[in-house]
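Step one of this worksheet: look at the structure below.
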């Protein structure tokens, strides 16, 4: 039983590259899959920004191809579909596979000294279930009577047959369900692997913080995705079998009805933990990378772990702050407000630890380090603006404005995305055996970071001025017309941000096949993944390593003057 | 030709040379995984029961369940399901004692219990639909009742019924292996039986909750 996860090296192409059960291959599959979808979701964002800056002007380049009926102009229905699918794709098909699927599969077994995930077949199923989810989601764009238009949150009654007649919405719900099932399979695998397959000496307080982040994310995945699964099942029942779970009596042809707010409860019970599902791995990566490149131990390791555990627990009991405007009782509203505010305490602990890790460090400003540091800044901006949204009084004013859009993009989207970039730049040498270009990487960083901050900071201003989200054309509303220049500025910055990603694509593809061969340990860090050779052999480690010290033993005076790091498998002298 | 042989040998080499790696804890990976799976499955039932609770609590009218649903029959079905949990315990015990005949016998009893339960459920559904309690529209004795009564009833019990079906299929797969003597070789060979037992007990436990909330309260 103990060695069920050991499997022979595959020999056929299909088993090696397609239906592989090797965690390293699955990680690469998830990475490619996630990056492609990030690209698709990004192009959708570009089209949204085009429409907002130039309402009614045909989309250049490929507009006529995508919207032939309106000769290239995005019609209102397509606009709705675009922002719905942009959100769904970025969260479920972009960041989830790239951050959790790829990073988790790659780093967990290698960092804890295991030969593979504990359930390799389940791992493969997890990937292919996600591919199925992606296929169903993509197909939903081309069905009769229209694609989904209800926003990524899919609120009823917009998402019931009352608001969306097309099959697209049903397929959207099924796609979310499938992707959720994939994440649950991954989550079960990650948790069990971390519990069972740590190598000797790797006790909990010696785990790299990346593994901690992924472990806690998996717990949230396993506990809360089933709830959105239930919500989606009920939505499909309402749409296909004519039940009225979410359809209120007032729009029924007489008789009794259900409760659209019920969906919001079920959705946000999952939805709020989802924010932390995406951000916890990024936090873990940031904790580790700051230490690696500041050549200092991660400050307050135990406090960081405790803070991440606290956030995990608290994230389950704050979801009501998404629903302040639904007529929540005052007592519930205030409780959720208080609990939400409490989350900032562990978040502050993490910030303090990050800044103190950098303090007086011997900083090496490599691309992964720059991205890791930018997460602090970007998440800080998002976190501080979150306080306005957690407070009932201000939230009622700011709800459903661009302020919210700016806030959640900075916290869960940009931070998770930059965390993913940091991880990709950092593990690329081990993953593909080649170095990425540092020069292009830094260019990519600056050309992404600056426009990104501009894009979402302008959104704070326009949202504060009262610009609602999800409007097709702000110039059609009298009081919003003076704000149009803000929309134009946002879009210009957004196009720059989009263009900068082409540098990443070029760098990634070029380095993947023609990059400089990577040494075993280019970053001089001591975690177990860098103790094994590059490219990583089929069984990861010749013999299972024995861990002798923590993951961040940098600049320890006992190491002497010649070196500032040791491997986790080495014993600290003295 | 020769080098091909060498390469083939190299491919096979790691499999035999990989040692039994040391692991933490005594619970097998399968057991930890099953417990986590049960936790997530519990949450999905939680979602449905939460929906049921909110819809019922906020409804203007809701029929008394015991007026419509046959409590007596379902109580018998519940008893059968609990008994099948007991026979599952005996099956696990038999597997650990390397008693193949006992294992096969108790697995068969458990499967029979699950099938009986499903049979009762199907009969109940047919009876209710015939009497006017549909999935999307409900009438009872000529009067319209809240359609959500039928919707929640079929959604929750149907979801549970699918779990019983999955459990029976899972048990049948285990029975196949048990007949070949796979789980009665001592050591850890009995653990797949233990795992199916965990799942089966979970399905039974959830039924107790479903029975209480949907039928009795």
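Residue B:74 - would you say it is in contact (Cβ under 8 Å) with a residue 60 or more places away in the chain, more than 30 Å from residue B:31 (Cα to Cα), away from chain A (no Cβ under 14 Å) and surrounded by 19 or more Cβ atoms within 10 Å (Cβ to Cβ)? It is true that residue B:74 is in contact (Cβ under 8 Å) with a residue 60 or more places away in the chain, more than 30 Å from residue B:31 (Cα to Cα), away from chain A (no Cβ under 14 Å) and surrounded by 19 or more Cβ atoms within 10 Å (Cβ to Cβ).
Kindly evaluate residue B:197 against the criterion of being part of a helix (DSSP H, G or I) and more than 30 Å from residue B:91 (Cβ to Cβ). The answer is no for residue B:197. Among the residues of segment B:159-178, at least one is surrounded by 15 or more Cβ atoms within 10 Å (Cβ to Cβ), closer than 25 Å to residue B:66 by Cβ, out of contact with any strand residue (DSSP E or B) (no Cβ under 6 Å at 6 or more places or on another chain) and within 12 Å of chain A (Cβ to nearest Cβ).
Here residue B:188 meets each of (1) in a helix (DSSP H, G or I); (2) buried (at least 18 other Cβ atoms within 10 Å of the Cβ) with one exception, condition (2). Taking the residues in segment B:55-71 that are in a helix (DSSP H, G or I) and surrounded by fewer than 17 Cβ atoms within 10 Å (Cβ to Cβ) as candidates, determine which candidate is nearest to the other protein chains (Cβ to nearest Cβ). In this case the residue turns out to be B:58. In this structure, residue A:34 does not satisfy being in contact with a helix residue (DSSP H, G or I) (Cβ under 7 Å, 6 or more places away or on another chain), assigned to a loop (DSSP other than H, G, I, E, B) and away from chain B (no Cβ under 14 Å).
Return a yes/no flag: does segment B:201-210 have any residue that is within 12 Å of another protein chain (Cβ to nearest Cβ), in contact (Cβ under 8 Å) with a residue 60 or more places away in the chain and over 25 Å from residue A:244 (Cβ atoms). No.
Applying the criterion of being without any contact (Cβ under 8 Å) to a residue 24 or more places away in the chain and touching a helix residue (DSSP H, G or I) at 6+ places or on another chain (Cβ under 8 Å) to the residues of segment A:136-163, the residue that is surrounded by the fewest Cβ atoms within 10 Å (Cβ to Cβ) is A:144.
Residue check: is residue A:213 more than 22 Å from residue A:229 (Cβ to Cβ) and either in a helix (DSSP H, G or I) or touching a helix residue (DSSP H, G or I) at 6+ places or on another chain (Cβ under 9 Å) (or both)? Yes, satisfied. Looking across segment A:526-547, the residues that are free of Cβ contacts under 8 Å to residues at least 40 places away in the same chain and within 11 Å of chain B (Cβ to nearest Cβ) come down to A:537, A:542, A:543. Annotation: of all residues in segment A:165-203 being free of Cβ contacts under 8 Å to residues at least 24 places away in the same chain and more than 10 Å from chain B (Cβ to nearest Cβ), the one that is nearest to residue A:99 (Cα to Cα) is A:166. Name every residue in segment B:138-158 that is more than 8 Å from chain A (Cβ to nearest Cβ) and not in a helix (DSSP H, G or I), in order of residue number. Correct list: B:138, B:139, B:140, B:141, B:142, B:143, B:145. The lone criterion from (1) closer than 25 Å to residue A:536 by Cβ; (2) away from chain B (no Cβ under 14 Å); (3) in a loop (DSSP other than H, G, I, E, B) left unmet by residue A:7 is number (2). So for segment A:258-268 (the condition being outside any helix (DSSP H, G or I), under 30 Å from residue B:139 (Cα atoms) and facing chain B (nearest Cβ under 9 Å)), does at least one residue qualify? Within segment A:258-268, one or more residues are outside any helix (DSSP H, G or I), under 30 Å from residue B:139 (Cα atoms) and facing chain B (nearest Cβ under 9 Å).
Read-outs: derived from the displayed coordinates by stated rules, not from any lab. Everything numeric here is computed off the predicted structure, so don't read it as measured data. All Cβ positions, even for glycine, are placed from backbone atoms using ideal geometry, and neighbour counts span all protein chains on display.
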